[in-house]
1. Does segment 197-214 include one or more residues that are in contact with a helix residue (DSSP H, G or I) (Cβ under 7 Å, 6 or more places away or on another chain) and among the small types (Gly, Ala, Ser)?
2. Take the conditions part of a strand (DSSP E or B), out of contact with any helix residue (DSSP H, G or I) (no Cβ under 6 Å at 6 or more places or on another chain) and among the aromatic types (Phe, Trp, Tyr) and apply them to residue 279. Does it pass?
3. Which condition number in (1) among the charged types (D, E, K, R); (2) closer than 22 Å to residue 56 by Cα; (3) within 16 Å of the ligand (Cβ to nearest atom); (4) crowded, with 21+ Cβ neighbours inside 10 Å is the one that residue 215 fails?
4. Among the residues of segment 173-212, which ones are within 16 Å of the ligand (Cβ to nearest atom) and of a type in the set (Gly, Ala, Ser)?
5. Output yes when any residue across segment 287-297 is under 22 Å from residue 138 (Cα atoms) and crowded, with 17+ Cβ neighbours inside 10 Å, and no when none is.
6. Out of 220, 282, report the one residue that is within 21 Å of the chain's Cα centre (by Cα), within 20 Å of residue 111 (Cα to Cα) and touching a residue at least 60 places away in the same chain (Cβ under 8 Å).
7. Of the residues that make up segment 91-98, is at least one away from the ligand (no atom under 16 Å from the Cβ) and among the hydrophobic types (A, V, I, L, M, F, W, C)?
8. Go through (1) touching a His at 6+ places or on another chain (Cβ under 8 Å); (2) in contact (Cβ under 8 Å) with a residue 40 or more places away in the chain one by one and return the number of the condition residue 383 breaks.
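The values are calculated or read from the model by the stated rules, or taken from the named source; none is laboratory data. Keep in mind the model is a prediction, meaning the values are calculated, not measured. Here the Cβ is made from the backbone with ideal geometry for all residues, glycine too, and neighbour counts use every protein chain on show.
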Amino acid sequence: MSPPNADTLTTSNGTPVTDNASSLTVGANGPVLLQDFHLIDKLAHFDRERIPERVVHAKGAGAHGYLEVTHDISHLTTAKFLNGIGKKTPAFVRFSTVGGEMGSADTARDPRGFAVKFYTEEGNCDFVMNNTPVFFIRDSIKFPDFIHTQKRDPRTNLKDPNVFWDFLANNPESIHQVTILFSDRGTPASYRKMDGFYGHTLKLVDSEGKFKYVKFHFTTEQGKENLTVEEAGKLAGENPDFLTQDLFDHIEKGEYPAWKVSIQVMEPEDKDKMPFDIFDITKVWSKKQYPLHPVARFVLNKNPDNYFCEVEQSAFSPSHIVPGIDVTPDKMLQGRLFSYPDTHRHRLGPNYLQLPINRPVVPVVNHQRGGFMAFNNPGGRPNYPDSNLEDAPPKSLEQNNPKKVVTHGAEKVYGITGNYPAPIKEDIDFYQAGELWKLLSDKDKDHLVHNIAGHLGSCKESIRSLQIKHFKRAHPDYGSRVEEAIAKANSN
Ligand code: HEM
């Protein structure tokens, strides 16, 4: 077949377009003919250009890059992409805000998403992270409710600070994340100048199936930089795509951003000695007790060629993991393992993993077939496992290896079924927010108080006073200063 002539406009079935400016009509002023395939196809395709935006993290920017292993952790994990100093694995990242729509401002106060897809030799491994090490809640059953309070009111279609703070005040396990969000870390000056945190506790698993608990950290090499609330507000009006542009322009100029990747490692025996549940994502592990061990360097060095195909159609999930990395009983993580592929099937269709940006670099060999938009419909072999026919179907790892293959860290789990609420019963839920307050510089404390007062100050008294009680429980100065700042602002 001769290659297409890129100079000639074609219909979507590849035939040359005769006229792209006038439709096929009966006479100069006559009605349009249904036989004008190009017109119908052009209009019909345009009518279907939009896909559902992400239900959260709708506004984002992406880039290609790689992970390079810098330190040996072969004693901790069999994951091949984390083994072998100097080993490089291609990667794709998508940074995002959380609550806003696709066209919303990049500088809104929000956590930032930091989702990475590693195209490894053992299949794709996704790290779906944020720029904060903790989260607002610790059970996925609260996630839809929490997100509803950050989105628009169903009647007015407006954002409402009363709803925003009402949820947080009634779910004070959020206090740690609220303290980070309302510091200037809630308005980073650049996607390049913020850290990434896996947040959840994971397991790294060795070749014998022994595991350690770990937390992954991505630390920016560009230096951290945040905006003040005033700067962020101004930029939201002047250039709502400020962070998107900053990332694109720097990569285009060859100034490639990079992050140091490291892990905190905890022995399984420590789990029950900790003063809090190590699977609770509202808590961090002390770096003094669990120091960071360097693992790798993460570099971004190429802009996407096509925003829609690469950034919009990218689909990350914490359930996309490779042997040597395993999940934990974290109630948030467990909910996320279901939610991401579920939303991808809705947003992109059941064959979303066959799209070029999402498909693994290794062959995908299974018995899935059909569904909308299937590119890869394996044929020529039996379409079921365990056949004795000549051209046998693929087998599982265990069937192919006489020796038992260990891919996950087996853990003993037992208990009585039930709904176990995690009420705010102990000071431990406020302790880390208080410690964070104590660590802040005077300037950062001023900004935190100013940022909270500007938002919480417009809420109803009942919500305000409950939330101030939580700030006081984290640290008396923290609460009193917020209280005074609101009283002062409201008396003017
Ligand atoms: C995006 C659900 C918590 C980080 C999303 C999406 C859903 C979702 C449905 C849209 C995905 C898409 O359309 O492709 C949930 C649920 C959570 C949760 C149910 C809690 C139970 C978290 C946490 C983090 C996080 C704790 C970070 C540690 C992200 C990121 C994205 C995202 C970075 C954007 C991914 C991208 O760029 O495509 N989440 N999420 N989420 N979530 Fe979560």
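1. No.
2. So residue 279 does not fit the description; no.
3. (2)
4. Correct list: 174, 186, 196, 199.
5. yes
6. When all the criteria are applied, what remains is 282.
7. No, the conditions are met nowhere in segment 91-98.
8. (2)
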